[in-house]
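The structure appears below as structure tokens.
Readers should treat all values here as calculations from the given coordinates under stated rules, not as data from a laboratory. What you see is a predicted model, and the numbers here were worked out from it, not measured in a lab. With ideal geometry, Cβ positions are generated from the backbone for all residues, glycine too; neighbour counts draw on all protein chains shown.
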Amino acid sequence: MYRVKRQEDIESNYKLMAYMAKRVLEDDKDDIASLANISAVINGYMDRINWVGFYIMKDGELVLGPFQGLPACIRIQVGKGVCGTAVAERKTQIVPNVHNFAGHIACDSASLSEIVIPIYKNGEVYGVLDVDSPVLNRFGELEDKYLQEICTQLGAQISGV
């Protein structure tokens, strides 16, 4: 895996990231193993991030799943923080500055921006992909496009059990 610096190479890097995620999902059908490897793929292919992982819906709340980074909050209520808001609104949340997001839950004080994408299984929210960065305004349309692609692949492949 490599990290790119030039803007024109970023999209090709993200295409490779999505391809690698697809291959991971083809290799095994265990949800936890797949989520762990997908978080590692994203961590390896995206630069300027300090946390990437999953929260899974269990008994009406988000519960920490596989991730890369410092320890994180274990449970998040729907509607709380960026992750809970993504579930409540059923849409991606791109937060350029987490300090301007009312109710932001700070698990790592180094995080300054965040993107959270819901993962759907059979029309229901299975969980979310959460990526944090120590850089303001780190995430945009390009990251949204390729992370959405990965989440769509996940929703199609995971058992949801």
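Data table
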{"item": "Protection proxy ranking, peptides 34-40, 135-141, average beta carbon neighbours within 10 Å, highest first", "result": "34-40, 135-141"}
{"item": "For the chain, alpha-carbon Rg over 2.2 N^0.38 Å", "result": "0.95"}
{"item": "Assigned charges on the beta-carbon of Lys, Arg, Asp, Glu; the chain dipole about Cα centre (debye)", "result": "120 debye"}
{"item": "Residue list for the stretch 47-70, given a label point 7 angstrom along the Cα-to-Cβ vector of E89 and an amide N cut-off under 12 Å", "result": "none"}
{"item": "Contour minus Cα-Cα distance for T152 and K15 (0.36 nm per residue)", "result": "47.9 nm"}
{"item": "Calculated diffusion of the stretch 23-109, Stokes-Einstein form, Kirkwood radius summed over Cα pairs, 4 °C and 1.567 mPa s, µm²/s", "result": "92 µm²/s"}
{"item": "Rg in Å to one decimal, and Dmax rounded to a whole Å, for the stretch 100-157 via C-alpha atoms", "result": "12.7, 35"}
{"item": "Cα-centred dipole magnitude for the stretch 53-143, charges only on beta-carbon of K, R (+1) and D, E (-1), debye, nearest 20", "result": "140 debye"}
{"item": "Dipole magnitude (debye, nearest 20) for the stretch 1-89, charges at Cβ of Lys, Arg, Asp, Glu", "result": "280 debye"}
{"item": "Distant alpha-carbon pairs in the stretch 49-93 (separation over 11 angstrom), percent", "result": "64 percent"}
{"item": "Within straight-line cross-link reach of K15, lysines at Cα separation under 24 Å, skipping those fewer than 8 residues along the same chain", "result": "K5, K29, K91, K121, K145"}
{"item": "Cα gyration tensor shape for the stretch 71-111, rounded if a/c is under 1.5, else prolate or oblate", "result": "oblate"}
{"item": "Separation in nanometres of the label points that stand 7 Å from Cα toward Cβ, at V63 and K145", "result": "3.7 nm"}
{"item": "Stretchable slack from Y120 to I32, in nm (0.36 nm times residue separation minus alpha-carbon distance)", "result": "30.1 nm"}
